[in-house]
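Participant: Structure in structure tokens, see below.
Any read-out appearing in this document is the output of simple, stated calculations on the displayed coordinates, not a laboratory observation. Owing to the predicted nature of the structure, the values given are computational and were not obtained by experimental measurement. We place every Cβ from the backbone using ideal geometry, glycine too, and count neighbours over all the protein chains shown.
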Amino acid sequence: MMGMQAVHGRRKVLFVCVHNSGRSQMAQAWLTRICPDLFEAQSAGISPAPEVNPLVASVMGEVGIDLSGNKPRSVYEVYKSREVFSYIITVCDQASAEKCPVFLGLVKQLHWSFPDPAALSGSEEDVLAGIRKIRDAIRDRIVSFCEEMSPGAVRP
């Protein structure tokens with residue numbers, strides 16, 4: 001049957017940002033939701049925050065994704081685990097000259113630039129509106145990525 005071939009092991013993807021409290025957490029959650037048959041998603045940060053940004057958790061909750069049990073992890077911790085990833089995707093904001101790590105080795109590294117939710121200012125409503133934009137931009141990029149990797153993989 002078309003589109004029903006067996007999945008021979010999902011490819012591992014690691015999303016990296018600075019604190020692992022916003023963008024990389026959202027990207028991990030979206031990839032897990034949108035094309036779980038293709039990828040196993042994880043995330044980490046260069047200097048992990050103590051917790052996931054509560055406003056990020058709130059806007060993800062609006063779309064039915066619960067981040068409350070997630071704990072930010074260090075890239076170093078992931079590195080020490082010797083896990084092998086097919087893709088490492090950095091989601092730092094190059095516009096604000098955030099330092100994103102470069103991973104050497106036999107890994108495909110991609111860079112998707114998204115603004116840092118923690119850098120947004122204004123009223124709580126302004127910040128939430130900004131985070132929703134980032135959330136939706138990350139979702140759209142994940143949908144494109146899944147489609148590029150396996151046309152027809154994204155089920156509405």
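Participant: Can you pull out the cysteines in the chain that have no other Cys Cβ under 4.7 Å?
Facilitator: C17
Participant: With percent of Cα pairs over 29 Å apart as the read-out, I listed [x] 34; [y] 19; [z] 15; which label goes with the value calculated from this structure?
Facilitator: Read-out taken from this structure: [z].
Participant: Right, here's the next one. Within a 10 angstrom radius of the beta carbon, how do R73, R33 rank from fewest other beta carbons to most? Let's see the in-between values first.
Facilitator: Values: R73 18, R33 14.
Ordered by Cβ neighbours within 10 Å, fewest first: R33, R73.
Participant: Just want the answer: with Cβ charges of +1 for Lys and Arg and -1 for Asp and Glu, which residue in P151, I46, G130 is farthest toward the dipole's positive end in the chain?
Facilitator: P151
Participant: Could you work out how much longer the chain between E40 and S121 gets when fully extended? Use 0.36 nm per residue separation minus the Cα distance between them, nm to one decimal.
Facilitator: 25.8 nm
Participant: What is the extension gain from S74 to A49, computed as 0.36 nm multiplied by their sequence separation minus the C-alpha to C-alpha distance, in nm to one decimal?
Facilitator: Separation in residues times 0.36 nm, less the Cα-Cα distance, equals 8.1 nm.
Participant: Go through 56-67, 115-126, 131-142 and give me the packing order, highest mean Cβ count within 10 Å leading.
Facilitator: 131-142, 56-67, 115-126
Participant: Here's another thing I want to ask about it. If I model a spin label as a point 7 Å beyond the Cα along the Cα-Cβ vector, how far apart are those points for V143 and S86 in nm?
Facilitator: Here the answer is 2.2 nm between the modelled labels.
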